[in-house]
Amino acid sequence: GQVVYSIAEEAERGASVGNIAKDLGIDAATLSARKFRMITGSSKQYFNINASTGAVSVEEPIDREQLCELKSACFLNYELVLENPLELYRMEFKVLDINDNSPSFPLSEYHINVPEFLSPGARFTLPNAQDLDEGTNSVQNYTLSPDEHFSLEMQTRGDGSKYPELVLKKALDREQQATHKLVLTAKDGGDPPKSGDVLVIVTVLDTNDNAPEFEYSVYRASILENSTSGTLVVQVHATDLDEGPNGEIRYSFSNTTSADLQRMFLIHPLTGEVTVNGVLAVQRPLLEMLIEARDNGAFGMSSTAKLLVEITDVNNHGPEITVTSLSSPIPEDAVPGTVIALLSIMDKDPGENGKVTCQIPDNLPFQLKPSLGNYYSLVTSGLLDRELISGYNITITATDLGSPPITTQKALWVQISDVNDNPPVFSADTFDVFVEENNPLGAFLYQISASDPDIGENGRISYTLRNSTVAGSALASFLSVSLANGSIYATRAFDFEQLRSFYFQVEAKDNGSPALSAAITVNVYISDQNDNAPTILYPISQNGSIAVEVVPRLADEDYLVTKVVADDEDNAQNAWLSYHLTHSSDSTLFHLSSHSGELRTTRSMRSTDFLKHKVVVVVRDHGDPPLSSTVTVGILLADTLPQALPDFDDSGEPPPLLNATNIYLIVSLACVSCIFAAFLLFLAIVRL
């Protein structure tokens, strides 16, 4: 058989459980004799049987929670063994729970992290309390300390178990309250009920829901234009109510700030210090930048502040001269007011420092005229002459109105191009050319040279002969001229005796368009050559006979026998004639005037003089070499003219003193004398 007993836990020692003898129908008096014993697998003996009465009592108080832990039903199984006869009975003790344990939580406090961005209705599982008791003595409900942001709701799992949930009923704001402390109370159903509390600390996790805020929405600063790199402009500061990375701020320039300004300034990402970076190359007196402060949250939030930097101008920029258009070369006939160049003159400085005055030297035929805006026109103000000045180096001086002023200069070279405005010019009004007669064909006579101050084709000169006639013949039959260099050549031999001089005109013409020309008269003077021997006009011998002159037999001294008359077609000294007596039968009787050609008696005639005399007269000019002619004159001494002239081939003259034999003797004597003198000189030298 089997018997079941119920016993409340924690029953005191000796507490009655039942009577096994009575319940099993066994005679209690026989229990001892039958050697009853209780067999259990438990380490402790919780119950005892009275051998006399069979009463079952508590031997050891039972702690159900220790014995059965979390089992819903707690049983202790025993076996009762009786001998004589052997019998085995099963005994089952059901340990009944009493409310001896309060609900408890595993931890003394619980932490829940709640992001502040969650909306109301968000749920968070709360820890379950543990109660070793069972049934109604176990945890029956939970309560939560009052809080405006949280409430408690019970939820049921699929197995029917319930658990508490923390429900967010109002949005959190970490910046207002970062921690919420709640008390969760678990109550059992015992009588009286027991409870256990646990502290639930709700930590509001920061959400990057606050953008950084600058101290000022607009920062203003002023710096000098020539501030060096690293100069502090301003320090901006922003705060962020978030914490951690969400509250860490980095500063930078907004993307809307121009790239030029971002290169000119640097901002420290951590301190917010704005400094100058490099050269402040700006044209505006007020610079506007947007500075962004951004936190380091996952979705970084940012805010911007405006930075206005006033640049105090320093006159550190000189005027810049840019030649936008230049016409060079310009023709020398350009009228005054012709635009030569268009200049752009700028100064990057603002205000008075950027105002510019511009000028060029006064001694130039140019002037600067203001044009549109900052443009100037360089125009001609006078007449140009390339032949005087072929180009101008124009120095443009631009000066700003800063203090001190800065001056910039730029040189322009303006070339003057040639215009055919100058005709060829000869060095003289006329040219005289002297040429000797009997010149060879093609002989160079003279080179005509004209100059033209123009250049290029305008200054290239060609020479031609103007049509004319000379002595009834075309000029071209006498002369030719080189087209390129003006050299004049003879095309025939000139004869002074036929043509002594003539003139013609040479035209010099340039190759400009239209061509300009000039002409010059060339006088040609043919100089005489001694090409004609004197012609004896008187006395004239006829048919090879000798001209005869009759002189009175007793003619007085200086009697004019005859006058030799001659002529020479040459000119000047070539025609200057002189008369010479080269032979006379009696040299003491006649003499001849070298200038007049008069033949006169040297002395009075004597009766002893020969009746026939013959003289040879030479007429010589003064040419180089000189030319001469001779005439033989026979002189007859007679008081009357004979009817027949004697023959003058044999003049009856005495034989000459110097014949060939006499000459040989004289030469021999002279040679012997010279040899003797040389011998004496030799002896004298040897002796010394």
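If you go through the range 584-596 and pick out every residue that is within 15 Å of ARG620 (Cα to Cα) and in contact (Cβ under 8 Å) with a residue 24 or more places away in the chain, you end up with 2. Residue check: LEU266 meets all listed conditions (1) open to solvent by 50 Å² or more (accessible area, probe 1.4 Å); (2) assigned to a loop (DSSP other than H, G, I, E, B); (3) among the hydrophobic types (A, V, I, L, M, F, W, C) but one, namely (2). Taking the range 70-110 as the search range and keeping residues that are assigned to a strand (DSSP E or B) and out of contact with any strand residue (DSSP E or B) (no Cβ under 7 Å at 6 or more places or on another chain), which one is most open to solvent (accessible area, probe 1.4 Å)? Only one residue fits best here, namely GLU87.
Scanning the range 379-399 for residues that are assigned to a loop (DSSP other than H, G, I, E, B) and of a type in the set (A, V, I, L, M, F, W, C) yields LEU383, LEU384, LEU388, ILE389.
Mind listing whichever residues of the range 614-642 are of a type in the set (A, V, I, L, M, F, W, C) and crowded, with 16+ Cβ neighbours inside 10 Å? If the condition is that a residue be of a type in the set (A, V, I, L, M, F, W, C) and crowded, with 16+ Cβ neighbours inside 10 Å, then VAL615, VAL617, VAL618, VAL619, LEU627, VAL631, VAL633, ILE635, LEU636, LEU637 are the ones that fit.
Take ILE39 and decide whether it is in contact with a strand residue (DSSP E or B) (Cβ under 7 Å, 6 or more places away or on another chain), within 15 Å of LEU88 (Cβ to Cβ) and open to solvent by 70 Å² or more (accessible area, probe 1.4 Å). Criteria met by ILE39. Selection of first residues in the range 1-25 that are part of a loop (DSSP other than H, G, I, E, B) and of second residues that are at pLDDT 85 or above and open to solvent by 20 Å² or more (accessible area, probe 1.4 Å), restricted to Cβ pairs under 6 Å at least 6 apart or on distinct chains, gives the following pairs, ordered by first then second residue: GLY1/TYR89; GLU10/PRO61; GLY14/SER57. On inspection, ILE448 passes the criterion of being touching a Gly at 6+ places or on another chain (Cβ under 6 Å) and surrounded by 15 or more Cβ atoms within 10 Å (Cβ to Cβ).
Restricting attention to the range 463-491, the residues that are open to solvent by less than 60 Å² (accessible area, probe 1.4 Å) and touching an Asp or Glu at 6+ places or on another chain (Cβ under 8 Å) total 3.
If only one of SER596, SER629, SER604 is over 18 Å from LEU577 (Cβ atoms), among the small types (Gly, Ala, Ser) and at pLDDT 85 or above, which one is it? Before you say what the answer is, go through the steps one by one.
Values: SER596 fails: over 18 Å from LEU577 (Cβ atoms); SER629 fails: over 18 Å from LEU577 (Cβ atoms).
Within the list SER596, SER629, SER604, the selection yields SER604.
Annotation note: Cβ proximity below 6 Å between a residue of the range 226-249 that is over 24 Å from SER302 (Cβ atoms) and a residue that is surrounded by 13 or more Cβ atoms within 10 Å (Cβ to Cβ) and among the β-branched types (Val, Ile, Thr) (sequence gap 6+ or interchain) occurs for ASN226/VAL314; SER227/VAL276; SER229/VAL276; GLY230/THR275; THR231/VAL276. Of everything in the range 333-361 that is of a type in the set (D, E, K, R) and either modelled with pLDDT of 90 or more or open to solvent by less than 30 Å² (accessible area, probe 1.4 Å) (or both), the residue that is nearest to GLY318 (Cα to Cα) is ASP347. When residues in the range 502-536 are screened for being among the polar types (S, T, N, Q) and closer than 30 Å to SER629 by Cα, 5 of them pass. Considering the range 400-415, the residues that are at pLDDT 90 or above and open to solvent by less than 30 Å² (accessible area, probe 1.4 Å) include one that is nearest to GLN447 (Cα to Cα), namely VAL414.
So, in the range 131-154, of the ones that are out of contact with any Pro (no Cβ under 7 Å at 6 or more places or on another chain) and assigned to a strand (DSSP E or B), which residue ends up least open to solvent (accessible area, probe 1.4 Å)?
Step one: filter the range 131-154 for residues out of contact with any Pro (no Cβ under 7 Å at 6 or more places or on another chain), giving 132-138, 140-141, 143-151, 153.
Add one more test, that the residue is assigned to a strand (DSSP E or B), and what stays is 140-141, 143-144, 150-151, 153.
Details: GLN140: 94, ASN141: 66, THR143: 57, LEU144: 37, PHE150: 4, SER151: 35, GLU153: 70 Å².
Going through the qualifying residues, I end up with PHE150.
Filtered by the rule that a residue be touching a His at 6+ places or on another chain (Cβ under 7 Å) and assigned to a loop (DSSP other than H, G, I, E, B), the range 197-238 gives a lone residue, GLU215.
Write out, first by first residue and then by second, each pair whose Cβ atoms fall under 8 Å of each other, whose residues are 6+ apart or on separate chains, and whose first residue, in the range 623-641, is in a strand (DSSP E or B) while the second is polar (S, T, N, Q) and at pLDDT 85 or above. Matching pairs, first to second residue: SER629/THR535; THR630/THR582; VAL633/THR562. The C-beta contact set for the range 663-676 (first residue part of a helix (DSSP H, G or I), second residue open to solvent by 80 Å² or more (accessible area, probe 1.4 Å) and of a type in the set (Phe, Trp, Tyr), distance under 7 angstrom, 6+ apart or interchain) is empty. In the range 428-445, which residues are touching an Asp or Glu at 6+ places or on another chain (Cβ under 9 Å) and not in a loop (DSSP other than H, G, I, E, B)? Within the range 428-445, just GLU436 meets the criteria. Restricting attention to the range 155-196, the residues being part of a loop (DSSP other than H, G, I, E, B) and surrounded by 18 or more Cβ atoms within 10 Å (Cβ to Cβ) number 4.
Residues in the range 273-289 that are of a type in the set (A, V, I, L, M, F, W, C), at pLDDT 80 or above and in contact with a strand residue (DSSP E or B) (Cβ under 8 Å, 6 or more places away or on another chain): VAL274, VAL276, LEU286, LEU287, MET289. Scanning the range 285-329 for residues that are closer than 30 Å to LEU401 by Cα, in contact with a helix residue (DSSP H, G or I) (Cβ under 8 Å, 6 or more places away or on another chain), assigned to a loop (DSSP other than H, G, I, E, B) and of a type outside the set (D, E, K, R) returns PRO285, VAL314, ASN315, HIS317. Of the candidates LYS410, LYS369, the single residue that is among the charged types (D, E, K, R) and under 30 Å from THR312 (Cβ atoms) is LYS410.
Considering the conditions (1) of a type in the set (D, E, K, R); (2) closer than 30 Å to ASN316 by Cβ; (3) at pLDDT below 90, ASP418 is excluded by exactly one of them, (2).
If you take just the strands (runs of 3 or more DSSP E) that sit entirely in the range 502-582, which of them hold at least 3 residues that are in contact (Cβ under 8 Å) with a residue 40 or more places away in the chain and either surrounded by fewer than 14 Cβ atoms within 10 Å (Cβ to Cβ) or of a type outside the set (Lys, Arg) (or both)?
Working: elements: 517-527, 535-538, 547-551, 560-563, 565-567.
Filter on the range 502-582 gives 517-527, 547-551, 560-563.
The values are calculated or read from the model by the stated rules, or taken from the named source; none is laboratory data. Keep in mind that what you see is a predicted model, and the values were worked out from it rather than measured. We place every Cβ from the backbone using ideal geometry, glycine too, and count neighbours over all the protein chains shown. Accessible surface areas use protein heavy atoms only, side chains included; no ligands, DNA or RNA. Shrake-Rupley method; radii C 1.70, N 1.55, O 1.52, S 1.80 Å.
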